[in-house]
Amino acid sequence: MIQIDLSGQVAVVTGGSSGIGFATARLFLQAGASVAICGRDAERLEAAQAALATEFPQAQLLAARCNVLDENHVNAFASRIEARFGRVDMLVNNAGQGRVSTFADTADDAWRDELELKYFSIIRPTRAFLPMLEDAPAPAIVCVNSLLALQPEPHMVATSSARAGVLSLVKSLATELAPQRIRVNSILIGIVESGQWKRRYQDYLQQAQDPRQSWQEWTGELARKKNIPLGRFGLPEEAAQALFYLATTLSSYTTGSHIDVSGGFARHV
Ligand code: NDP
């Protein structure tokens, strides 16, 4: 197995308190990086911080409450990281969630909210961390995007549309930031077991008649219904591995690109 030593480097993971972001923070810590995570919910953030501190007692870890859509929060988060670590080498724009709605039931405000979330969850952190990334020896930005960018679903019309725009934004950023040696890439995920899906499973449990399906049965049936060739949801760790690859020099000649992490769910060649 390829070993990569990130000691002395700093990784920022937005939405690192749960799911894919949490799994990514773990990988960076395992590789010796200092890590900063953020999220809005204080309890979730504290639980994540405690779990990481237990697993990595020597870890240099900063956990801060920050809504990535709030410019003041993001700037304060960046200032705290600069004061504590003095640098940022890798930025993972991960924070967010999907919106389930068709065109018929998406009102104007919902469209605006969704477009704001998908764009500004990238724009604000990227802008705030750019000065530190510019000074890093091998800087990288990686964005968590969705397969919906290329394969829209009518029941997620606003998310799909915004995701397609994010694909374009990542490409433009990669071109604009290449002279500063900052690589910008994304991953396109299908369905990954994480907080969002755990919450949907809880909803199912509350509504379903007995006998209720176990988590494995419930996700397995969904994967089959959706014709995911690998027959299961992805794990947060599997998305995190792709993010880790794109954030580190393992992918030093890759920019403006994306990796599919969808278990074969993508229908295009
Ligand atoms: P989780 O709900 O497990 O994690 C989402 C994380 O983002 C949490 O830490 C959450 O913390 C944080 N977050 C959400 N909104 C904000 C915000 N405005 N500011 C700061 N932090 C925020 O879900 P996932 O791990 O699945 O989600 C990670 C990313 O992957 C998201 O962008 C999601 O849209 C994307 N994705 C996931 C898919 C899946 O199947 N799981 C499919 C396609 C895309 P808190 O709520 O406390 O702020």
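The values are calculated or read from the model by the stated rules, or taken from the named source; none is laboratory data. The shown structure was predicted, so the numbers you read here are calculated from the model rather than taken from an experiment. Neighbour counts run over all protein chains shown; Cβ positions are idealised from the backbone, glycine included. Surface areas here come from the heavy atoms of the whole protein model, side chains and all, with no ligands, DNA or RNA. Shrake-Rupley method; radii C 1.70, N 1.55, O 1.52, S 1.80 Å.
If the condition is being farther than 23 Å from residue 22 by Cβ and more than 16 Å from the ligand (Cβ to nearest atom), then region 83-117 contributes 83, 86, 102, 103, 104, 105, 106, 107, 108, 109, 111.
Once region 8-66 is narrowed to residues that are of a type in the set (Asp, Glu) and not in a loop (DSSP other than H, G, I, E, B), the residue that is surrounded by the fewest Cβ atoms within 10 Å (Cβ to Cβ) is 43. Going residue by residue through region 186-200, is there one that turns out to be within 11 Å of the ligand (Cβ to nearest atom), surrounded by 14 or more Cβ atoms within 10 Å (Cβ to Cβ) and of a type in the set (Phe, Trp, Tyr)? Scanning region 186-200, I find at least one residue that is within 11 Å of the ligand (Cβ to nearest atom), surrounded by 14 or more Cβ atoms within 10 Å (Cβ to Cβ) and of a type in the set (Phe, Trp, Tyr), so the answer is yes.
In region 53-74, the qualifying residues are those that are within 14 Å of the ligand (Cβ to nearest atom) and among the polar types (S, T, N, Q), and the one that is nearest to residue 25 (Cα to Cα) is 67. Candidates are the residues of region 85-109 that are among the small types (Gly, Ala, Ser) and open to solvent by 20 Å² or more (accessible area, probe 1.4 Å); the one that is farthest from the chain's Cα centre (by Cα) is 104.
Modelled with pLDDT of 95 or more, in the same structural domain as residue 241 (by TED's automatic domain parsing) and farther than 26 Å from residue 89 by Cα - does that describe any residue in region 162-184? Yes: region 162-184 contains one or more residues that are modelled with pLDDT of 95 or more, in the same structural domain as residue 241 (by TED's automatic domain parsing) and farther than 26 Å from residue 89 by Cα.
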